[in-house]
1. Residue check: is PRO105 surrounded by 17 or more Cβ atoms within 10 Å (Cβ to Cβ) and under 22 Å from the mean Cα position of the chain (by Cα)?
2. Consider PHE217 against the criteria (1) in contact with a strand residue (DSSP E or B) (Cβ under 7 Å, 6 or more places away or on another chain); (2) modelled with pLDDT of 90 or more; (3) surrounded by 18 or more Cβ atoms within 10 Å (Cβ to Cβ); (4) in the same structural domain as LYS30 (by TED's automatic domain parsing): it satisfies all of them except one. Which criterion is unmet?
3. Consider only pairs whose beta carbons are under 6 Å apart and that are at least six residues apart or on different chains; among these, list those whose first residue lies in segment 301-314 and is over 25 Å from TYR326 (Cα atoms) and whose second residue is crowded, with 20+ Cβ neighbours inside 10 Å.
4. When you go through (1) under 26 Å from ASN206 (Cα atoms); (2) surrounded by 18 or more Cβ atoms within 10 Å (Cβ to Cβ) one by one for THR146, which number turns out not to apply?
5. Which count do you get for residues in segment 106-131 that are farther than 19 Å from SER171 by Cβ and touching a residue at least 12 places away in the same chain (Cβ under 8 Å)?
6. Got a number for residues in segment 75-92 being surrounded by fewer than 17 Cβ atoms within 10 Å (Cβ to Cβ) and touching a His at 6+ places or on another chain (Cβ under 9 Å)?
7. Going through segment 315-334 one residue at a time, which ones are part of a strand (DSSP E or B) and free of Cβ contacts under 8 Å to residues at least 12 places away in the same chain?
8. Quick check: is even one residue across segment 172-190 at pLDDT below 90, closer than 26 Å to GLN239 by Cα, among the small types (Gly, Ala, Ser) and assigned to a loop (DSSP other than H, G, I, E, B)?
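The values are calculated or read from the model by the stated rules, or taken from the named source; none is laboratory data. Keep in mind that what you see is a predicted model, and the values were worked out from it rather than measured. Note that each Cβ is placed from the backbone with ideal geometry, even for glycine, and that neighbours are counted across all protein chains shown.
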Amino acid sequence: MQPLLVLLVFGQMRLSVSQNLMYHFINGPKSWAEAQTFCRKHYTDLATVNHMRDLERLRAAADGQTDVWIGLYQTSDKLADRKWHWSQPEVKYNEAEAEWWTGEPNDGEGVAPESCVAISSDKKWADAPCHWTCYFVCYDETSNTTVLIQDHKTWLEAQQYCRANHTDLMSGPDQQRLFECSAFSCLDSTGRWRYPWLWIGLSRDNWGWSDGSDSSFRNWKTEVNPLSKKCAALVDQGQWESEDCGEKKPFVCYDDLVILVKEKKTWKEAYDYCKQNYCNLAWFLNYETLKKLAQEKAELADTEFVWVGLFYSCAMKTWMWVNGHYVSNDNDNWKHPGSENVCSVAGAMERAGEHMWVKINDQEKHNFICLR
Ligand SMILES: [Ca+2]
């Protein structure tokens with residue numbers, strides 16, 4: 001489908017551009033599974049959220065609407081399938097770096113699930129029930145320091161506090177190395193003093209994204225109720241609640257309109273590849289949004305230049321986009337506007353810098369950018 005057509009097909013949708021995801025709000029209520037089918041048919045999938053910046057863009061796309069399905073769901077009802085991840089989504093969990101206390105994680109020895117993690121005074125980890133209230137450690141990106149908060153909160157409340165006042169709960173061994181502390185305290189749900197443990201940003205769950213992505217970003221409002229409510233909805237202030245998947249709600253899809261193909265091909269081979277697998281080589285006539293998305297993708301290329309849908313028509317002695325529109329030889333995006341043209345050149349975008357367009361031999365082999 002042409003991107004322009006995508007824009008026109010659904011009158012009710014709104015767009016918001018992420019680093020590489022474009023969110024589409026669909027205001028026709030559906031169950032979570034129906035919404036997933038719809039998104040996969042018309043876009044890429046139900047919305048994945050990788051970090052807080054994505055979440056802000058998703059909220060903008062939803063334009064203040066709440067009670068909206070996103071792509072997060074419970075992938076399994078077996079506790080054994082829970083996976084560890086750090087609260088700060090940029091930090092990836094690595095089991096080889098784990099610093100578990102002897103005998104931990106023990107998951108409450110089968111009595112009650114323990115899905116959240118606290119550290120002891122000697123910086124060893126133990127899993128504990130997330131509803132315990134403990135002091136906790138935030139990480140502050142601005143000052144690259146850790147901050148001990150001497151206030152009893154559940155793990156989720158601690159996460160919310162750290163995100164509102166600093167960056168996030170302390171996540172990963174690098175941040176943990178910054179942490180020095182002497183005051184410890186931890187209470188169980190009856191207010192009884194338990195162990196001298198502090199919450200850190202490690203937890204485990206059996207939730208995952210509709211598109212199978214490994215984004216560990218979660219923004220729950222309250223602790224999930226996984227027994228009956230197995231799908232995630234955006235509620236208020238960008239926070240999420242687990243809900244009954246059969247409920248009909250508006251929803252947010254995402255689309256990766258701009259695709260970087262990291263294969264090295266001549267311009268014509270790249271053109272054929274995009275035509276066959278997507279829609280076309282990338283063109284941005286009057287579409288600043290598409291141009292910006294393409295520039296962000298170009299930075300991930302393996303080659304110095306990436307082919308886009310610009311070619312020089314020898315017959316008509318003019319530059320053209322693959323969709324048939326003319327491009328002035330004086331266009332501001334050219335690295336050398338007004339330079340002389342020869343028949344064997346095509347247009348590519350620079351990987352780095354200002355991402356200017358260059359005229360290079362069309363037999364050179366580069367990565368390229370397609371539009372879906
Ligand atoms: Ca434990």
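1. The answer is no for PRO105.
2. (1)
3. ALA301/ASN367; ASP302/ASN367; THR303/HIS366; THR303/ASN367
4. Failing condition for THR146: (1).
5. Residues in segment 106-131 being farther than 19 Å from SER171 by Cβ and touching a residue at least 12 places away in the same chain (Cβ under 8 Å): 8 in total.
6. Qualifying residue count, segment 75-92: 2.
7. Those that are part of a strand (DSSP E or B) and free of Cβ contacts under 8 Å to residues at least 12 places away in the same chain: THR318, MET320, TYR326.
8. yes
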